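**Q** Next up is a structure, given as structure tokens.
The values are calculated or read from the model by the stated rules, or taken from the named source; none is laboratory data. Fair warning: this is a prediction, and the values are worked out from it, not measured in the lab. As a convention, Cβ positions derive from the backbone with ideal geometry for all residues, glycine included, and neighbour counts pool all protein chains shown.
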Amino acid sequence: MYKFIFREKRLVALDVKTLNDVARLLTLYAGTEFLIIQLHSFDSYPLLLGDLFSQATVCFVGVRMSDILSYSINIKGKIIKISAECNTGVELGYLAARVLKNPDLIQEHGLKKLAQAVGVTLKQSTFSATKTPAWSARVFSAEQIKLAIHDAYMAYLIGSKLLEKIEVLNCVIENGICVLFLNLES
């Protein structure tokens, strides 16, 4: 299913909504397409996640990427990591620091500060923080869905803007993977 949704996308933003440090929702955004996966509703580890995260041609971006990829899913009492296989996840703060040549951004995890540094207008969620839904619910209102996808959407906008600033010098295909040589000096 995700192959159809993200068929030509090379940048995918991730966000995880948790409850007691256990992942409940995984939100992915690419271009104009969203995918929300209710992780708590699976009886076994969803194979599509391992397949998706092992895609070497997709760059996954987000804030606190190491946290996102290390969150656990509780499936019938068995704790499983979301992904131990993702080698193409990029922390937005690190990417912004490299592209904008601003080392102060390396440890930045706030979307608001990163959006300002990159020049992206931050879209504020209209959903009140006091009304944060229980992410283990089966059904969400339109406003709750907007809240669930907000951070992935903003991460995508920031990542896209940063990647626009990178000049690709060369692309070499190695073992079926495009290796990009980038000019970060411009």
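**Q** Tell me yes or no: at least one residue of the stretch 36-46 is crowded, with 16+ Cβ neighbours inside 10 Å, at pLDDT 75 or above and within 15 Å of the chain's Cα centre (by Cα).
**A** The answer is yes, given that some residue of the stretch 36-46 is crowded, with 16+ Cβ neighbours inside 10 Å, at pLDDT 75 or above and within 15 Å of the chain's Cα centre (by Cα).
**Q** Could you please give the count of residues in the stretch 1-21 that are at pLDDT 70 or above and within 22 Å of GLU91 (Cβ to Cβ)?
**A** 10
**Q** Counting only residues that are part of a loop (DSSP other than H, G, I, E, B) and closer than 17 Å to ALA148 by Cβ, how many does the stretch 10-55 have?
**A** Within the stretch 10-55, residues that are part of a loop (DSSP other than H, G, I, E, B) and closer than 17 Å to ALA148 by Cβ number 1.
**Q** Separate question: Report every pair of residues separated by at least 6 positions or lying on different chains whose Cβ atoms are under 9 Å apart, first residue within the stretch 86-110 and touching a residue at least 24 places away in the same chain (Cβ under 8 Å) and buried (at least 18 other Cβ atoms within 10 Å of the Cβ), second among the charged types (D, E, K, R) and not in a loop (DSSP other than H, G, I, E, B).
**A** GLY93/LYS113
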